[in-house]
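First comes the structure, then the notes that go with it.
The values are calculated or read from the model by the stated rules, or taken from the named source; none is laboratory data. Model, not experiment: these values are computed from the prediction. No Cβ is skipped: glycine too gets one built from the backbone with ideal geometry, and neighbour counts run over all protein chains shown. These area figures cover heavy atoms from the full protein model, side chains too; ligands, DNA and RNA do not enter into them. Shrake-Rupley method; radii C 1.70, N 1.55, O 1.52, S 1.80 Å.
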Amino acid sequence: MMKRMVVVLALAACSVIGAKAQTGATPPKVAAGTMIEPSKSFDALLKIYEDEMMGLVNAMPADKYSFAPSAAIFKADQGVKYDGVRTFGAMVGHVAQANYFFYSAVGGVKPTVDVKAIGSLTSKDDLVKALAASFAYGHQQIATLTAANAFASTKDDQTKASTVAFGIAHGFDHYGQLAEYLRMNGIVPPASQK
């Protein structure tokens, strides 16, 4: 179990370093081996993800929030079914809901918004606002992480630290999907324009 947590933290640290390298951020001036509070490290990673995701959702025009890939976009002989594929807007709503789900397990503070209702939002303005609020909530919950509680169990063999790491990994998975949605509409994702 301890090996698993060390691997999760090592991967999270590598992700932060890799993401900073890709975004052109200057490396921190902290000596190797310096103890860093988990809240500071994970919050920096969430901020990188948040900046990329918010740039992406703002880049999609409001009239394209109902866009979803369909068989008409691809070769007819692919034989892929697209029933039930989420629209761009539905995916944004899902990410906002997921943020509340993951980070509530970390800080223990229940969201003050109706998380289920986010799933019925359709307008760009409402969805962007909901996503931004979910990130603010995530930052607040991550701020509660300390060296003493980061490896406290949240469910089964999951800890607060691994829950944060999985929440960010889950978000980047959807970021990749939404980046493709942008490209299918002739829009280069902001992170790729640098």
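See the values below:
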{"read-out": "Exceeding the 22 Å Cα-Cα cut-off - candidates LYS47/LYS194; LYS129/LYS160; LYS110/LYS155; LYS47/LYS116", "value": "LYS129/LYS160; LYS47/LYS116"}
{"read-out": "Pairwise FRET efficiency - ALA44 versus LYS129, Cβ, R0 = 25 Å, nearest 0.05", "value": "0.55"}
{"read-out": "GLN193-HIS94 pseudo-label distance in nm [points 7 Å out on the Cα-to-Cβ vector]", "value": "2.6"}
{"read-out": "Accessible solvent surface per residue of the stretch 63-194, calculated while the other protein chains remain in place, 1.4 angstrom probe, Å²", "value": "53"}
{"read-out": "Qualifying aspartates and glutamates (Cα of each under 18 Å from Cα of LYS29; at least 8 residues distant if same chain)", "value": "GLU37, ASP43"}
